[in-house]
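The values are calculated or read from the model by the stated rules, or taken from the named source; none is laboratory data. Everything quoted here is computed from the prediction, not taken from an experiment. We place every Cβ from the backbone using ideal geometry, glycine too, and count neighbours over all the protein chains shown. Areas reflect the complete protein model, heavy atoms only, side chains present, ligands, DNA and RNA absent. Shrake-Rupley method; radii C 1.70, N 1.55, O 1.52, S 1.80 Å.
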Amino acid sequence: MNTKYVKEFITFPDITFMLILFIPLMVYTFLHGLYIGTWIAFFIGMATYALSEYVIHRFLFHMKTPQNPFLLKWIKRLHFDHHADPNDLKLLFLPIWFSLPGFSFFAAIFYSITNSLQLMIAYLAGIVVYFLYYEWKHYIAHRPVQPRTAMGRRIKKAHLWHHFKNENYWFGVTHTSVDKTFGTYKDQKLVEKSETAKNLENRI
């Protein structure tokens with residue numbers, strides 16, 4: 001892979017911030033790595049983001065166009081404008097002001113269940129690791145880079161179908177399992193081309 005894409009990815013401010021956050025979280029997690037509960041919490045964190053990736057994309061980012069001007073501006077920045085211009089780097093990554101409160105919300109719930117700061121940090125580390133993986137896969141989907149694996153190529157194709165064929169299918173960015181479970185993964189040849197795939201704001 002051309003190193004310019006790796007550099008472009010890691011130097012984008014929101015990604016750089018998350019990479020910096022990732023370091024102390026993982027250091028703390030490894031310091032408690034002999035405790036099996038640490039890794040259970042870590043993988044639960046990864047699973048949390050893997051599932052929320054689909055749920056947030058489908059039900060929040062593709063919400064009915066809000067009438068409230070503030071909410072409309074908010075959702076346009078988060079996702080509508082990304083569909084209008086899928087290759088704009090400034091619209092490609094989730095902003096920190098959205099991600100950090102979401103991570104904190106999930107972490108607070110996990111802490112209320114476990115009452116353990118150690119496990120909560122491991123859980124949060126798992127979320128951040130999967131988030132960075134998600135952002136990388138999303139970045140690759142919109143850059144002229146060919147994934148090395150057959151699965152990676154299938155996932156990239158599905159994401160591009162979501163943008164350029166029909167916005168009502170293929171919500172997964174790192175996996176297709178939830179799409180297949182809920183019927184939003186279909187043979188693209190059987191799906192009609194949507195007139196609003198690049199203009200979510202004008203959906204009826």
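Only one of these conditions is not met by I23: (1) open to solvent by less than 50 Å² (accessible area, probe 1.4 Å); (2) over 14 Å from the mean Cα position of the chain (by Cα). Which number is it? Here I23 meets the rest and fails (1).
Residues are listed down the side, and each one gets a yes or a no for (1) of a type in the set (F, W, Y); (2) touching a Gly at 6+ places or on another chain (Cβ under 8 Å); (3) within 30 Å of N202 (Cβ to Cβ):
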| position | (1), (2), (3) |
| --- | --- |
| I113 | no, no, no |
| A141 | no, no, yes |
| I155 | no, yes, yes |
| W161 | yes, no, yes |
| F171 | yes, no, yes |
| T174 | no, no, yes |
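This table checks each residue for (1) of a type in the set (V, I, T); (2) surrounded by fewer than 16 Cβ atoms within 10 Å (Cβ to Cβ); (3) over 19 Å from F12 (Cα atoms); (4) at pLDDT 95 or above.
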site	(1), (2), (3), (4)
H79	no, no, no, yes
N87	no, yes, no, no
L94	no, no, no, yes
H142	no, no, no, yes
N166	no, no, yes, yes
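The requirement of being aromatic (F, W, Y), more than 27 Å from K7 (Cβ to Cβ) and either without any contact (Cβ under 8 Å) to a residue 60 or more places away in the chain or open to solvent by less than 80 Å² (accessible area, probe 1.4 Å) (or both) is fulfilled somewhere in region 171-178, by at least one residue.
Of all residues in region 99-132, those being of a type in the set (F, W, Y), open to solvent by 40 Å² or more (accessible area, probe 1.4 Å) and under 19 Å from F61 (Cα atoms) number 2.
Considering only region 152-163, I want to know if a residue exists there that is touching a residue at least 40 places away in the same chain (Cβ under 8 Å) and either open to solvent by 10 Å² or more (accessible area, probe 1.4 Å) or not in a loop (DSSP other than H, G, I, E, B) (or both). Yes, that holds for at least one residue. Looking across region 26-41, the residues that are among the aliphatic types (A, V, I, L, M) and either open to solvent by 80 Å² or more (accessible area, probe 1.4 Å) or over 22 Å from the mean Cα position of the chain (by Cα) (or both) come down to V27, L31, L34, I36, I40. If you go through region 1-20 and pick out every residue that is open to solvent by 80 Å² or more (accessible area, probe 1.4 Å), part of a helix (DSSP H, G or I) and farther than 27 Å from I121 by Cβ, you end up with 3.
Checked against the criterion of being in contact (Cβ under 8 Å) with a residue 60 or more places away in the chain and part of a helix (DSSP H, G or I), region 184-201 contains one or more residues that satisfy it.
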